[in-house]
Amino acid sequence: MLALCLTRLSTDRVRRERLGRSWRCTAPEGRAADGGDGAPAPLALYRTVANANRLTALCETAEAGGLAPGLGLAEAKARFPGLEVLEADPAADRRLLEAVADWCDRYTPLVALDPPHGLVLDISGCAHLFGGERGLLDDLLARLFHQGFAASAAIAGHAGTALALAAHRPGLMVGAGAEIAAIGDLPVAALRLEPELAATLLRLGLTTLGALLALPRAALARRFGADLLLRLDRAAGRADRPIGPRRPVPLLIAERRLFEPVSRTEDVEAILLALAERLRGDLERRGEGARRLELSLFRVDGQVARLTVGTSEPQRDPRRIQSLFRERLAAVGDELDAGFGYDLVKLTVLQAEGLADRQEDLSRPDADDRTVGTLLDRLGARLGEASVLRLSPVASHWPERAQDLAPAVAGPAAAASGEDERLWLFTAPRPLRLLADPEPVEAVAEVPEGPPIRFRWRRALHGVRRSEGPERIEPEWWRASGAAARDYFRVEDEEGRRYWLFREGFYGRGEVEPAWYLHGFFA
């Protein structure tokens with residue numbers, strides 16, 4: 001586990017907005033307390049706590065001048081007249097922390113937030129890509145420095161141990177079994193206790209974690225509660241601290257790290273094709289095809305762009321995947337800013353389904369390019385999945401509730417391939433167009449419960465030339481017990497137009513007379 005602590009996140013956010021992302025390289029702090037010689041002026045952020053304005057975040061220069069979080073704003077200004085103060089913005093800090101977490105996906109897909117200014121990365125099986133754990137740690141801190149962040153980090157076998165070390169003994173890498181020795185000299189602040197409890201421990205002379213570990217556990221639990229023991233055990237590696245990755249873990253990942261950044265769309269598509277080729281072998285071995293894929297483009301300045309496409313059926317053809325992302329890139333257009341270029345391109349499979357191997361048609365090698373599924377995928381990639389809909393069956397025999405609109409690329413592949421239509425093989429024909437709400441009509445029948453011989457709909461009179469029915473559909477008693485049964489008829493008028501009408505209720509079986517409705521139109 002690698003714990004990352006962005007100790008100056010709030011003030012770094014302000015500096016980056018004013019001076020640019022590389023401000024630490026061009027205007028390092030600490031050369032002048034008054035902002036001279038090109039150094040930024042001292043900066044502090046405050047919040048209103050219990051009707052008093054108190055400092056919550058400080059830059060290096062302000063902290064070196066003797067200020068500390070929790071100090072009153074008026075006292076801070078009196079002691080440091082040149083101090084610039086701004087109101088804190090926790091929401092903006094949270095967004096920036098999430099952006100850094102997105103960028104950390106270049107190291108591992110398992111990144112968890114540790115608010116208000118920390119991250120935890122599960123780097124199991126990833127360190128060798130960077131020359132070992134030390135190489136990964138150095139690369140991470142160097143890149144963050146060039147992006148304008150003051151950061152510290154530590155690596156340990158347990159998340160609790162790494163978090164305790166990151167802020168107080170940065171750069172340390174602790175192996176299994178060495179946790180207790182590593183944290184013995186850490187202050188009790190490393191446990192991030194409540195202020196009252198931390199103050200009590202300091203008054204009792206318990207200033208380090210080693211002093212707490214030396215005391216009997218039962219006495220600690222009785223005096224200070226079980227939470228203190230849990231935090232202490234997590235820091236000592238005796239108990240696991242679970243982490244919750246903020247993004248779903250991909251099924252498969254293929255990535256390309258670039259020595260020279262690329263910015264042209266054609267270059268991105270060429271790299272994408274190579275990554276899709278690599279994924280095809282893994283998908284074939286698993287007997288699966290991708291249903292949802294994500295393309296991540298990591299800019300050299302730390303921003304990450306993510307594009308997602310879905311498929312109506314399992315897919316592992318690299319050319320098909322490339323064409324879908326080409327449509328997606330064209331749809332995004334100018335909204336996708338490459339900046340100074342991308343130095344990492346990653347293609348991941350987020351969702352997959354079983355896909356049996358099949359023999360290609362040698363006479364029509366491009367047959368797949370003319371399928372309905374290909375059209376649906378391209379339209380979904382260009383217009384958005386919510387813009388391409390299909391009818392999905394619903395477990396209901398009431399016609400207006402028997403189907404629903406769903407994205408064409410969502411759900412099981414069988415639904416998009418037409419297998420759901422087999423559900424209608426054992427029912428009577430259904431109209432091509434179904435009205436959302438049946439519209440009332442005036443109908444005349446030769447016998448009380450027979451088919452209509454004419455009906456009036458929207459003030460137009462229609463004579464019936466042919467009719468079929470009735471098809472009786474009983475109400476769903478578990479939803480509406482007071483509804484009446486329906487008798488549906490398929491009728492054709494004198495001009496050849498075909499309608500789907502039904503009579504609700506029966507003659508002579510209640511106080512309310514039956515009513516006729518028009519529910520749909522046949523082709």
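Looking across the stretch 378-410 at every residue that is loosely packed, with under 13 Cβ neighbours inside 10 Å and small (Gly, Ala, Ser), the one that is nearest to GLY520 (Cα to Cα) is identified as ALA395. Listed by first and then second residue, the pairs linking a residue in the stretch 394-414 that is closer than 25 Å to LEU293 by Cα and modelled with pLDDT of 70 or more to a residue that is assigned to a loop (DSSP other than H, G, I, E, B) and of a type in the set (A, V, I, L, M, F, W, C), with Cβ atoms under 6 Å apart and 6 or more places separating them unless they lie on different chains, are ALA408/VAL388. Across the stretch 469-482, the number of residues qualifying as over 15 Å from SER396 (Cα atoms) and surrounded by 14 or more Cβ atoms within 10 Å (Cβ to Cβ) comes to 3. Among the residues making up the stretch 320-350, a single one is on the phi < 0 side of the Ramachandran plot, surrounded by fewer than 17 Cβ atoms within 10 Å (Cβ to Cβ) and in contact (Cβ under 8 Å) with a residue 60 or more places away in the chain: PHE340. Within the option set VAL100, VAL120, being under 23 Å from LEU229 (Cα atoms) and not in a loop (DSSP other than H, G, I, E, B) holds for one residue only, VAL120. Scanning the stretch 123-151 for residues that are in a helix (DSSP H, G or I) and of a type in the set (A, V, I, L, M) yields ALA127, LEU129, LEU136, LEU137, LEU140, LEU141, ALA142, LEU144. Of all residues in the stretch 505-523, those that are assigned to a strand (DSSP E or B) and either among the β-branched types (Val, Ile, Thr) or at pLDDT below 90 (or both) total 0.
Is it the case that VAL85 is over 15 Å from THR11 (Cα atoms) and among the β-branched types (Val, Ile, Thr)? Don't jump to the end; show me each part of the working.
Values: over 15 Å from THR11 (Cα atoms): no; among the β-branched types (Val, Ile, Thr): yes.
The answer is no for VAL85.
With respect to the stated conditions, GLU494 is among the charged types (D, E, K, R) and modelled with pLDDT of 90 or more. Suppose we keep only residues that are within 17 Å of VAL49 (Cα to Cα) and surrounded by fewer than 13 Cβ atoms within 10 Å (Cβ to Cβ) within the stretch 70-89. Which one would you say is modelled with the highest pLDDT? Among those residues, the one meeting the criterion is GLU87. Pairing each residue of the stretch 1-26 that is outside the structural domain of PRO170 (by TED's automatic domain parsing) and touching a residue at least 12 places away in the same chain (Cβ under 8 Å) with any residue that is among the aromatic types (Phe, Trp, Tyr) and surrounded by fewer than 21 Cβ atoms within 10 Å (Cβ to Cβ), provided the two are 6+ apart or on different chains, yields C-beta distances under 7 Å for ARG15/TRP23; ARG16/TRP23; ARG24/PHE145.
Within the stretch 446-466, the residues that satisfy the criterion of being closer than 11 Å to VAL491 by Cβ and free of Cβ contacts under 8 Å to residues at least 24 places away in the same chain are ILE453, ARG454. Please tell me if ASP487 is within 19 Å of ARG433 (Cα to Cα), in contact (Cβ under 8 Å) with a residue 12 or more places away in the chain and more than 48 Å from the chain's Cα centre (by Cα). Judged against the criteria, ASP487 is not a match. If you go through the stretch 149-191 and pick out every residue that is of a type in the set (Gly, Ala, Ser), crowded, with 23+ Cβ neighbours inside 10 Å and under 13 Å from THR7 (Cα atoms), you end up with 3.
Listed here are the residues, each with its yes/no results for (1) β-branched (Val, Ile, Thr); (2) at pLDDT 90 or above.
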position	(1), (2)
LEU258	no, yes
ARG264	no, yes
ILE271	yes, yes
ALA274	no, yes
SER296	no, yes
ALA305	no, yes
GLY310	no, no
ASP317	no, yes
LEU336	no, no
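Residue under question is LEU67, and the condition is that it be more than 18 Å from PHE149 (Cα to Cα) and either in a loop (DSSP other than H, G, I, E, B) or at pLDDT below 90 (or both); does it hold? Let's see the steps before the verdict.
Numbers: more than 18 Å from PHE149 (Cα to Cα): yes; either in a loop (DSSP other than H, G, I, E, B) or at pLDDT below 90 (or both): yes.
Yes, satisfied.
The values are calculated or read from the model by the stated rules, or taken from the named source; none is laboratory data. Bear in mind the structure is a predicted one, so any value in this text is a computation, not a measurement. Quick reminder, even Gly has a Cβ in these numbers, built from the backbone with ideal geometry, and neighbours come from all protein chains shown.
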